[in-house]
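Step one of this worksheet: look at the structure below.
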Amino acid sequence: MTSLREVWLHGNFFNGPIPDLSNLGSLTTLSLRDNKLTGVVPSSLLNLKSLTSVNLTNNKLQGPMPKFGDGFWWV
């Protein structure tokens with residue numbers, strides 16, 4: 001699955017922490033909004049150099065958000 005580019009999994013009532021996605025080097029878009037995810041946003045997302053858009057709204061996440069570079073779209 002290293003060539004997977006987009007993940008759109010909204011409104012599925014997923015719970016628990018965001019899983020390790022570090023093996024998805026081609027990922028550009030990650031949308032996990034409207035679930036029940038908990039914990040912190042993993043800093044390993046910073047290692048995904050192709051990632052340009054993340055939507056994690058309407059979850060139960062805590063703690064600081066990773067600091068992504070310019071041109072990044074964070075919702």
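List pairs: first in the stretch 6-19 and within 14 Å of Thr57 (Cβ to Cβ), second of a type in the set (Gly, Ala, Ser) and not in a loop (DSSP other than H, G, I, E, B), Cβ under 8 Å, 6+ apart or cross-chain?
Listed pairs, sorted by first residue: Trp8/Ser31; Leu9/Ser31; His10/Ser31; Ile18/Gly39.
Leu32: surrounded by 15 or more Cβ atoms within 10 Å (Cβ to Cβ) and at pLDDT 95 or above, yes or no? Before the answer, list the steps.
Numbers: surrounded by 15 or more Cβ atoms within 10 Å (Cβ to Cβ): yes; at pLDDT 95 or above: yes.
The answer is yes for Leu32.
Can you report the number of residues in the stretch 1-29 which are at pLDDT 95 or above and among the charged types (D, E, K, R)?
Residues meeting the conditions: 2.
Looking only at the stretch 19-75, which residues are under 25 Å from Thr2 (Cβ atoms), polar (S, T, N, Q), in a loop (DSSP other than H, G, I, E, B) and touching an Asp or Glu at 6+ places or on another chain (Cβ under 9 Å)?
If the condition is that a residue be under 25 Å from Thr2 (Cβ atoms), polar (S, T, N, Q), in a loop (DSSP other than H, G, I, E, B) and touching an Asp or Glu at 6+ places or on another chain (Cβ under 9 Å), then Thr28 is the only one that fits.
With respect to Leu56, is the statement that it is at pLDDT 95 or above and either in contact with a Ser or Thr (Cβ under 8 Å, 6 or more places away or on another chain) or among the hydrophobic types (A, V, I, L, M, F, W, C) (or both) true? Even if it seems obvious, please write down each step before you answer.
On the way: at pLDDT 95 or above: no; either in contact with a Ser or Thr (Cβ under 8 Å, 6 or more places away or on another chain) or among the hydrophobic types (A, V, I, L, M, F, W, C) (or both): yes.
In short, no.
Test each condition in (1) surrounded by 12 or more Cβ atoms within 10 Å (Cβ to Cβ); (2) at pLDDT below 95; (3) of a type in the set (Gly, Ala, Ser) for Gly69 and report the one that comes out false.
So the condition that Gly69 fails would be (1).
Return the pairs, sorted by first residue and then second, in which the second residue is surrounded by fewer than 16 Cβ atoms within 10 Å (Cβ to Cβ) and of a type in the set (D, E, K, R), the first residue lies in the stretch 44-71 and is closer than 21 Å to Gly11 by Cα, the beta carbons are less than 8 Å apart, and the residues are 6+ apart or on different chains.
Listed pairs, sorted by first residue: Asn59/Lys36; Lys60/Lys36.
The values are calculated or read from the model by the stated rules, or taken from the named source; none is laboratory data. These figures come from a predicted structure and were not determined experimentally. Here the Cβ is made from the backbone with ideal geometry for all residues, glycine too, and neighbour counts use every protein chain on show.
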